[in-house]
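Notes follow the structure.
Here, each number is a calculation from the coordinates, and none is a lab measurement. Nothing here was measured: the structure is a model prediction, and the numbers come from that model. FYI the Cβ positions are ideal-geometry reconstructions off the backbone, even for glycines, and counts take in every protein chain you see.
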Amino acid sequence: MRSDVDTWILDLDNTLYPAGSALAEQLTHGILSAVAGFYGTDLTGARRIQAELVAQYGTSLRGAMVTRNIDPHEFLGFERRIDYTVLTPDPALAAALAALPGRRFVYTNGSVYHAEQALGRLGLTTHFDGVFDILAGDLIPKPYAESLDAFLTRFAIDPARAAMIDDLEVNLALPHERGMTTALITHEPSADGTPYQQIAPKRWQVQDLPAFLGYLSGQ
Ligand SMILES: [Mg+2]
């Protein structure tokens, strides 16, 4: 073992599948369409409103609830129209996850429905012990402390023995402060061609997630 990590926390979107996938495009369009519908505007107006909601409330969903009292399930209705078949199984990642010692969780600002559909298509469902979504976090998203604390409490996680992997640096700052090992997924190849790099104690940058998981768990 190269680390004493016994809890593995993985973001979903653009972490368990590549950024630039057709799914990301559908998600963006679905959220913008929802905002346009609820706020009575076109997609251009929705883009501006969405940026404001995210800046002020962390996510469009929470912003829509606070400013327009919109039902979260109604807001998330767009997920039912997403075509998840654009994702394909990732056997290398499945094998790397299966080999990890300890528990594995998905920690996402999306919904459980979205996570279940995506994990199913990627062939990763059975490799996770739980999904913590935006509804479980009472609609408070990453990177807020309320969200992280609710997640850690729910699954009785010791941050000192946990690793968190996400494609957004802002989501990793607090976990790192709490003592977690953190890894930022970047989709650009590294300058020297290596699949992962340690940039500080307990801080990593990762291009090849299966390779990194194998390394950190000492396989
Ligand atoms: Mg992400």
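What number, in percent, do you get for the relative contact order of the range 22-81 if the mean sequence gap of Cα pairs under 8 Å and at least 6 apart is divided by its residue count?
Relative contact order, the range 22-81: 28 percent.
Obtain the nm distance between the two label points defined at Val170 and Asn69 by a simple spin-label model: each point lies 7 Å from its Cα along the Cα-to-C-beta direction.
With each label point 7 Å from Cα toward Cβ, the separation is 2.9 nm.
Considering only Ile134, Gly123, Ala98, whose Cα is most displaced toward the positive end of the charge dipole of the range 1-145, charges sitting on Cβ of Lys, Arg (+1) and Asp, Glu (-1)?
So the residue furthest toward the plus end is Ile134.
Evaluate the charge dipole of the range 22-81 about its Cα centre and quote only its size in Debye, nearest 20, assuming +1 on the Cβ of each Lys and Arg and -1 on the Cβ of each Asp and Glu.
40 debye
Report the far tail of the P(r) of the chain, meaning the percent of Cα-Cα pairs longer than 26 Å.
36 percent
Using a Gaussian network model of the chain whose springs link C-alpha atoms within less than 10 Å, name the residue from Gly30, Gly102, Gly120 with the highest mean-square fluctuation.
Gly102
For the chain, what does -39500 (n - 2.57) per DSSP helix run (n ≥ 4), summed and divided by total residues, give at 222 nm, in deg cm²/dmol to the nearest 500?
Result for the chain, helices only: -11500 deg cm²/dmol.
Which value, in debye to the nearest 20, gives the size of the charge dipole of the chain about its Cα centre, when Lys and Arg are +1 and Asp and Glu are -1 at the Cβ?
140 debye
What does DSSP give for the chain in terms of the percent of beta bridges that are antiparallel, rounded to the nearest 5?
About 15 percent, rounded to the nearest 5.
In nm, to one decimal, how far is the modelled label at Ser33 from the one at Thr186, with both set 7 Å along Cα→Cβ?
3.5 nm
Mind telling me which of Glu74, Glu146, Glu116 comes out most flexible in a GNM of the chain, alpha-carbon contacts under 10 Å?
Greatest mean-square fluctuation among the candidates belongs to Glu74.
Can you tally the net charge around Ala98? Count Lys and Arg as +1, Asp and Glu as -1, for every other residue whose Cβ sits under 14 Å from the Cβ of Ala98.
Cβ neighbours under 14 Å give a net charge of 0.
Say R0 is 41 Å: what FRET efficiency, to the nearest 0.05, do Arg48 and Ala98 get from their beta-carbon distance?
0.40
How do Lys142, Lys202 rank when sorted from fewest to most other Cβ atoms within 10 Å of their own Cβ?
Ranked by crowding around the Cβ, least crowded first: Lys202, Lys142.
Considering only Thr28, Thr59, Thr181, give the residue with the highest GNM mean-square fluctuation for the chain, with springs between Cα atoms whenever their separation is below 10 Å.
Answer for the Gaussian network model of the chain: Thr28.
Quick one: give the max-minus-min coordinate of the C-alpha atoms of the range 22-81 along each principal axis, largest first, in Å.
29, 23, 21
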